[in-house]
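As structure tokens, the structure follows; a few thoughts come after it.
The values are calculated or read from the model by the stated rules, or taken from the named source; none is laboratory data. Owing to the predicted nature of the structure, the values given are computational and were not obtained by experimental measurement. Note: ideal-geometry Cβ built from the backbone for every residue, glycine included; neighbour counts use all protein chains shown. Heads up: the accessible areas ignore ligands, DNA and RNA and are worked out on the full protein's heavy atoms, side chains in. Shrake-Rupley method; radii C 1.70, N 1.55, O 1.52, S 1.80 Å.
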Amino acid sequence: MATFKEFRNNLKPNWCPGCGDFSVQAAIQRAAANIGLEPEQLAVISGIGCSGRISGYIHAYGLHGIHGRALPIAQGVKLANRELTVIASGGDGDGFAIGMGHTVHAIRRNVDITYIVMDNQIYGLTKGQTSPRSAEGFKTKSTPEGSIESTLSPLEVALSAGATFVAQSFSSDLKQLTALIEAGLQHKGFSLINVFSPCVTFNKINTYDWFKEHIVNLDQFEDYDPSNRIAAMTKIMETGGLLTGLVYQDKSRKSYEDMAVGFQQEALAKQELKLSEGEFAKLLAEFK
Amino acid sequence: MISQLSWKIGGQQGEGVESTDRIFSTALNRLGYYLYGYRHFSSRIKGGHTNNKIRISTAPIRAISDDLDILVAFDQESIDLNAKELRPGGVIVADAKFSPTVPEGVDARLFAVPITAMAEELGTSLMKNMVASGASWALLGLPLEVFNKAVEEEFGRKGPAIVEKNVEAVRRGAEFVLEQAGGPLEEFRLEAADGKMKLFMIGNEAMGLGSLAAGCRLMSAYPITPASEIMEYLIKKLPKFGGTVVQTEDEIAAVTMAIGANYAGVRTMTASAGPGLSLMMEAIGLAGMTETPLVIIDTQRGGPSTGLPTKQEQSDINALIYGTHGEIPKVVIAPSTIEECFYDMIEAFNVAETYQVPVIVATDLQLSLGKQSCEPLDYERIVIERGKLAREELPPLEQHTLFKRYEFAEDGISPRVLPGAKNGIHHVTGVEHDQEGRPSESAVNRKKMMDKRLGKLSGLRVANAIKADAPHAEPELLIVAMGSTGGTIDEARGRLSGDGVATNHVTVRQLHPFPSELLAPHMKSAKKVVVLENNATGQLANLIKLNIGGHDKIENVLKYDGTPFLPSEIVKACKELR
Ligand SMILES: Cc1ncc(C[n+]2csc(CCOP(=O)(O)OP(=O)(O)O)c2C)c(N)n1
Ligand code: SF4
Ligand SMILES: [Mg+2]
């Protein structure tokens with residue numbers, strides 16, 4: 001069985017020292033090993049941004065695509081080979097700005113993949129512009145007078161879109177983050193894990209200390225019931241979205257692959273492609 | 001006796017025009033006639049004039065006719081709009097309900113049949129289509145049993161009572177019109193056909209079927225005219241083969257999902273029209289850069305913007321060839337017949353996997369939607385080639401090395417391995433990368449990688465990259481076109497040769513990379529080259545000028561009013577240009 005070290009490669013991440021994304025990378029590697037995966041059974045699909053580089057730093061199959069499109073690519077990979085464990089990942093701009101349409105519909109579609117967002121409330125790679133996750137009044141290069149658009153609440157959006165697994169964590173809490181990724185990978189359907197992953201270079205407001213001060217950890221509430229959607233929504237609103245832990249999980253809904261009529265259980269990629277002569281003749285007969 | 005005839009049905013959209021056409025042509029197909037259909041419709045679902053025209057012939061035909069023999073009209077508007085197309089002595093069968101009249105100056109016989117009344121007598125005005133097609137059938141003097149058989153097939157699953165009612169509607173329509181006309185019209189008596197049922201389909205169905213035969217098991221797509229029938233066909237079929245169709249949130253999702261699935265080893269395609277192709281451009285670049293196979297169908301329609309969504313055009317050529325930023329290897333093929341729609345999909349998937357490139361198959365609206373007879377499709381020609389796809393177990397990798405997915409191979413085509421394979425791990429990125437797929441900004445590597453990717457297609461020629469019919473060593477005119485225009489050109493050439501104009505004809509099927517060396521000799525031997533295309537700026541002619549030259553010889557005939565060329569228009573243009 002592979003250890004988390006076997007999910008490492010020798011590429012040195014080009015992230016700034018202290019960037020929150022390092023822990024996300026480590027958590028993915030640990031979670032993959034903990035649930036017993038071999039590197040070749042995992043595919044990490046990522047978008048564009050500082051965070052998008054993550055697929056290159058994990059020893060597994062991986063595709064670093066285009067800005068905002070990690071989710072449809074990842075769904076394509078999973079539909080092609082449902083024996084793979086598929087992670088989609090990227091930044092808050094990637095998933096909640098340019099790729100927001102895909103995020104909502106991936107949630108609705110419920111293909112069995114895990115989506116890990118490295119949410120730093122800013123655009124890191126393009127050097128510090130506002131993101132849909134930036135707080136109102138947040139000053140950035142593109143909002144010198146402070147952001148005047150309201151802040152997006154991804155967890156609320158996810159719940160209203162019909163998400164079957166919604167979690168949030170924090171780069172500093174490697175233990176919780178790893179556990180949530182494990183749970184997400186094992187969830188049968190689409191899982192969203194939003195991770196507060198501070199950008200130490202361009203976001204001087206939402207820092208590690210700031211998060212430590214503001215975050216409410218759900219793990220402390222023994223009576224919190226993640227199967228209660230209304231309670232989940234209430235909790236998100238009560239905490240202004242600044243909560244961590246497993247927020248919601250619906251274990252009853254089947255994944256897209258299981259609901260699609262006729263969709264085969266074995267990996268589609270393993271199928272023999274050529275139709276038999278009889279099958280072909282039958283198809284032709286319908287056009288007479 | 002005549003060997004071919006044209007029939008048209010017109011009415012308001014949603015009023016049974018489609019179904020009248022379907023049942024009438026299905027019955028004709030049973031007799032073995034060759035059929036070629038043309039749909040005039042608009043983007044509305046209900047209301048608005050619509051008409052379907054079919055050409056019926058004892059020999060293969062691939063063109064709409066200039067004129068019309070029989071017009072069936074559900075309203076006066078259909079008569080007013082279409083009567084001028086009737087040849088002198090043509091026939092109008094119209095619903096008596098609206099007291100039809102023949103427009104002034106039109107020489108036609110009118111039969112007013114109580115189409116709606118008869119249908120309503122039988123219980124529902126929905127049966128108008130049966131009365132109207134029955135009347136048409138009877139006027140042609142064709143055997144009623146054959147028609148009834150078609151009706152039985154159409155309605156069989158709804159039970160014998162429904163079949164009986166529809167047969168009765170047909171009988172009443174036929175009887176009424178025969179009494180008015182005093183029997184079948186002798187001048188419209190068709191020579192007997194060969195009695196062999198042909199395949200009868202639209203181009204979109206042929207492409208759906210071709211994809212299935214090619215081993216396509218997933219499709220991700222967003223609905224659009226005139227491409228939707230492809231996904232609608234495949235959603236009925238793919239689940240029977242373990243696969244599925246995903247209707248995505250947009251075309252960007254459609255194409256990127258297809259890229260993901262192809263990367264993971266399933267032949268997956270998407271299909272759209274101009275607006276969707278515009279949205280896909282960035283992702284096509286990703287496929288080119290990551291050397292991921294990808295097949296996209298573009299059913300061209302009137303552009304720009306929403307343009308003329310239900311009309312004919314061939315104006316995406318530039319966008320398909322040049323649309324993506326940066327420089328990637330890419331193949332653009334344009335089938336020109338219904339049979340090619342089928343075979344080209346097989347080739348598209350094979351080329352995409354063999355060369356690890358995006359392949360775009362571009363039709364035009366007439367080819368995609370015109371229902372027509374199709375020659376038998378040959379099972380033996382379904383050959384699946386997957387190129388350098390590793391299938392055996394791979395040797396273990398040395399510590400911290402990855403599978404050389406982008407190895408500098410002699411032919412530029414590197415070995416490919418699918419996710420899941422042991423010892424095959426490598427990285428894939430749209431960022432410039434080294435042989436293992438790791439990001440690299442090295443100038444030396446950059447140049448080598450660009451040359452490797454762009455060199456892959458040197459010399460690639462799909463089957464019949466051009467199709468030439470060149471009987472003359474030194475023709476007066478070489479006519480060049482693409483897509484559905486070829487059939488009309490053939491018909492025009494017959495007339496031109498009767499008038500002493502010697503023409504050769506080339507259909508360009510591979511638009512990119514351009515098969516210059518195949519077309520150039522044809523251009524050289526001709527006095528003049530006439531490039532016919534359905535767009536306003538001469539995109540095909542420009543492509544030829546760019547790749548071959550011949551500026552002084554090339555004449556461009558452009559039609560961009562939303563309708564395909566008619567044979568007479570080509571004859572006229574060629575005579576003027578000779
Ligand atoms: C289509 C397109 N538009 C813009 C860009 C430029 N761009 C790259 S990353 C990025 C935003 C990055 O922010 P985020 O997704 O939050 O990732 P982070 O760098 O913060 O991890 C932008 C705008 C691009 N690569 N592609
Ligand atoms: S700029 Fe910000 S997000 Fe990007 S690597 Fe540096 S710290 Fe991380
Ligand atoms: Mg960000």
Check on A:Glu83, of a type in the set (Asp, Glu), assigned to a helix (DSSP H, G or I) and either in contact (Cβ under 8 Å) with a residue 60 or more places away in the chain or surrounded by fewer than 24 Cβ atoms within 10 Å (Cβ to Cβ) (or both): no
Say whether the condition of being assigned by TED's automatic domain parsing to the domain that holds B:Leu178, under 30 Å from B:Pro335 (Cα atoms) and open to solvent by less than 10 Å² (accessible area, probe 1.4 Å) is met by at least one residue in region B:66-73. yes
Working only within region A:41-52, note down all residues that are more than 13 Å from ligand 1 (Cβ to nearest atom) and buried (at least 24 other Cβ atoms within 10 Å of the Cβ). A:Leu42, A:Ala43, A:Val44, A:Ile45
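Please state which one of A:Asp112, A:Asp94 is within 21 Å of A:Pro154 (Cα to Cα), outside any helix (DSSP H, G or I) and either within 8 Å of another protein chain (Cβ to nearest Cβ) or acidic (Asp, Glu) (or both).
Values: A:Asp94 fails: outside any helix (DSSP H, G or I).
The match here is A:Asp112.
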Tell me whether region B:258-276 contains one or more residues that are open to solvent by 20 Å² or more (accessible area, probe 1.4 Å) and in contact (Cβ under 8 Å) with a residue 60 or more places away in the chain. no
Only one of A:Ser171, A:Ser131 is modelled with pLDDT of 95 or more, within 15 Å of ligand 3 (Cβ to nearest atom) and in contact with a Ser or Thr (Cβ under 7 Å, 6 or more places away or on another chain); which? A:Ser171
Hey, can you tell me all the residues within region A:165-206 that are surrounded by 22 or more Cβ atoms within 10 Å (Cβ to Cβ) and of a type in the set (D, E, K, R)? A:Asp173
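Of all residues being under 16 Å from B:Gly420 (Cα atoms) and not in a loop (DSSP other than H, G, I, E, B) in region A:53-72, which is nearest to ligand 1 (Cβ to nearest atom)? Just the residue, please.
If we filter region A:53-72 for residues that are under 16 Å from B:Gly420 (Cα atoms), which is where we start, we get A:55, A:58-63.
This time we only want the ones that are not in a loop (DSSP other than H, G, I, E, B), so: A:55, A:58, A:61-63.
Details: A:Ser55: 13, A:Ile58: 16, A:Tyr61: 22, A:Gly62: 16, A:Leu63: 15 Å.
Only one residue fits best here, namely A:Ser55.
Yes or no: region A:32-40 includes at least one residue that is assigned to a helix (DSSP H, G or I), surrounded by fewer than 24 Cβ atoms within 10 Å (Cβ to Cβ) and facing chain B (nearest Cβ under 7 Å). Quick ask: steps written out before the conclusion?
Pass one, region A:32-40, residues assigned to a helix (DSSP H, G or I): A:32-34, A:39-40.
Filter again for surrounded by fewer than 24 Cβ atoms within 10 Å (Cβ to Cβ), leaving A:33-34, A:39-40.
This time we only want the ones that are facing chain B (nearest Cβ under 7 Å), so: A:39-40.
Within region A:32-40, one or more residues are assigned to a helix (DSSP H, G or I), surrounded by fewer than 24 Cβ atoms within 10 Å (Cβ to Cβ) and facing chain B (nearest Cβ under 7 Å).
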Number of the condition not met by B:Ile382 [criteria: (1) touching a residue at least 24 places away in the same chain (Cβ under 8 Å); (2) under 26 Å from A:Pro13 (Cα atoms); (3) crowded, with 17+ Cβ neighbours inside 10 Å]: (2)
Index of the failed condition, A:Ala26 passing every other in (1) within 16 Å of ligand 2 (Cβ to nearest atom); (2) aliphatic (A, V, I, L, M); (3) in contact with a Lys or Arg (Cβ under 6 Å, 6 or more places away or on another chain): (3)
Subset of region A:140-152, residues open to solvent by 30 Å² or more (accessible area, probe 1.4 Å) and under 19 Å from A:Phe196 (Cα atoms), comes to A:Ser150, A:Thr151, A:Leu152
Flag if B:Ala181 is more than 28 Å from B:Ala27 (Cα to Cα) and either more than 12 Å from chain A (Cβ to nearest Cβ) or buried (at least 16 other Cβ atoms within 10 Å of the Cβ) (or both): no
Applying the selection to region A:134-164, what residues are farther than 14 Å from A:Ile236 by Cβ and in contact (Cβ under 8 Å) with a residue 24 or more places away in the chain? A:Ala135, A:Phe138, A:Thr140, A:Gly162, A:Thr164
Would you point out the residue of region A:211-223, among those that are open to solvent by 70 Å² or more (accessible area, probe 1.4 Å) and in a helix (DSSP H, G or I), that is farthest from ligand 2 (Cβ to nearest atom)? A:Gln220
Among the numbered conditions (1) open to solvent by 10 Å² or more (accessible area, probe 1.4 Å); (2) among the aliphatic types (A, V, I, L, M); (3) facing chain B (nearest Cβ under 9 Å), tell me where A:Met100 comes up short. (3)
A:Ala97: passes all of (1) within 16 Å of ligand 2 (Cβ to nearest atom); (2) in contact with a Phe, Trp or Tyr (Cβ under 7 Å, 6 or more places away or on another chain); (3) aliphatic (A, V, I, L, M) but (2)
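Taking the condition more than 16 Å from ligand 1 (Cβ to nearest atom), within 21 Å of A:Leu243 (Cα to Cα) and not in a loop (DSSP other than H, G, I, E, B), does A:Leu192 pass? I'd like the intermediate steps shown before the answer.
Working: more than 16 Å from ligand 1 (Cβ to nearest atom): no; within 21 Å of A:Leu243 (Cα to Cα): yes; not in a loop (DSSP other than H, G, I, E, B): yes.
When the stated conditions are applied, A:Leu192 does not pass them.
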Being away from chain B (no Cβ under 12 Å), over 17 Å from A:His102 (Cα atoms), in contact with an Asp or Glu (Cβ under 6 Å, 6 or more places away or on another chain) and among the polar types (S, T, N, Q) is the requirement here; does A:Ser23 meet it? no
Taking region A:57-80 as the region of interest, how many residues are surrounded by fewer than 24 Cβ atoms within 10 Å (Cβ to Cβ) and either in contact with a Ser or Thr (Cβ under 9 Å, 6 or more places away or on another chain) or more than 10 Å from chain B (Cβ to nearest Cβ) (or both)? 1
